[in-house]
Each structure stands twice: as structure tokens, then as C-alpha cells.
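Reading through the C-alpha cells given below for one structure.
Bear in mind that the values in this text are calculations on the coordinates, not laboratory data. Computed from a prediction, not measured in an experiment: that's the story for all the values here. Cβ placement follows ideal geometry from the backbone for every residue including glycine, while neighbour counts extend to all protein chains displayed.
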Amino acid sequence: MSREVHVRFCESPRVRFPRATYPYIDTQQGWLYLAVVLDLRSRRVVGWSMSQSLEKQIVLDALRMALARRQPRPGVVHHSDRGSQYAGEACQKLLRDHGMVCSMSRRGDCWDNAVVESFNATIKTELIHRTRWNTREEARAAVYKYIETWYNAKRLHSTLGYQSPIAFEAQELLDDERAA
């Protein structure tokens, strides 16, 4: 990661969108894949999508959800691996259309995307590897519940001072109001 991107990605005060590899979810019907977009600062999952294929649409849907929820200002960095879904023209155009800066991991360097890799390990440990679903729809419902009602709303993060992502963001807003 270049110094310029590192500063914008790690040191600027608000919304950043890193992304990582896909957790694979095994069901009796076959695989289901999950793509997520995280806010680096709050660790909140701001966009996600599930699909039975790894085609570009899963990435575009997750990114569109994040864009709709956050409406980032131009210059926000979107960091991803070098997967074809992210390097492809559709994703690059979506990023450009929203004034986002594309940043991609160095070849073979998973540390560039450690925050999202950590999320993937967490959801695998806390949900995916503990359950065997009969259908993809059962898995979808469980992942939705995990992300929206547990991970974002209640799961405590040491990085956030043992707050949930939603509580951390609420505290930041309150702090900003007090400072204004």
C-alpha cells in the first residue's frame, strides 16, 4: 500500500471500505458465498451480499448496499484483494462513479486486508463452522441475523474500547456534536 493510500486509508477520520476474501458457507444444497464491505474505523459491516456463485454481481451488490447506507464523500478508499470481481470493469466503474479511490492488496499479502480477514475468521468461528444448514435460504437467514442483530449491534470489539460497531459510531457522533 503506498504511503498516500495508507494515510487516507488508516489515518483519516471517517468511512473507509476495505474488503477481503469470501467466506464459503456449506449447505446441503451446495455452497453459498458471502461478500462484505466493512467500515475500517468502526468495524461495522456496511454492505454484504450472498450468492451461490462468485461472479462479479456479489461484489457489486455488497458495494451498492454500502454506498446506499453510507453515501461516502469523494476520495474514500475502497480496499480489496486482487480478485477479478474487484479488478473488473464493472466494479472499477462503480468506484469511479462514486469518486472512490481503488486500493488493492499486494500480490500474496493478506495483511493488507487484515480487518476483513479477521471478520471472516470471526463469522466462521462464531457461526459458519458451528452449523450445517439444509438450504441456502436457512444459511442466508442465519448470516443476516448474525451481521445485523449480533455483529453490528451487540458484539464487543477490543479495538473499539469494548463497544459494538453501532455503539462506537453513536459515541463518535455524540463526541462530534460536543466538539462543534
Q.
Ranking request for peptides 58-70, 126-138: highest mean number of other beta-carbon atoms within 10 Å first, then the rest in descending order.
A. 58-70, 126-138
Q: Would you please give the residues with an amide H less than 5 Å from that of Gln29, counting only those at least 5 places away or on a separate chain, with H modeled from the backbone geometry?
A: Arg136
Q) What residues qualify as long-range amide H neighbours of Gly47, i.e. H under 5 Å apart, gap of 5 or more or another chain, H built at 1.01 Å from N? A) Val37
Q | Approximate spin-label separation Asp176-Tyr24, in nm, with each point projected 7 Å along Cα-to-Cβ | A | 4.0
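Ordered by packing density, taken as the mean number of other Cβ atoms within 10 Å over each peptide's residues, highest first, how do 160-171, 31-42 rank?
31-42, 160-171
Any chance you could run the full-extension gain for Thr135 through Val101? It's 0.36 nm times the residue separation minus the Cα-Cα distance, nm to one decimal.
My answer for the length gained is 8.5 nm.
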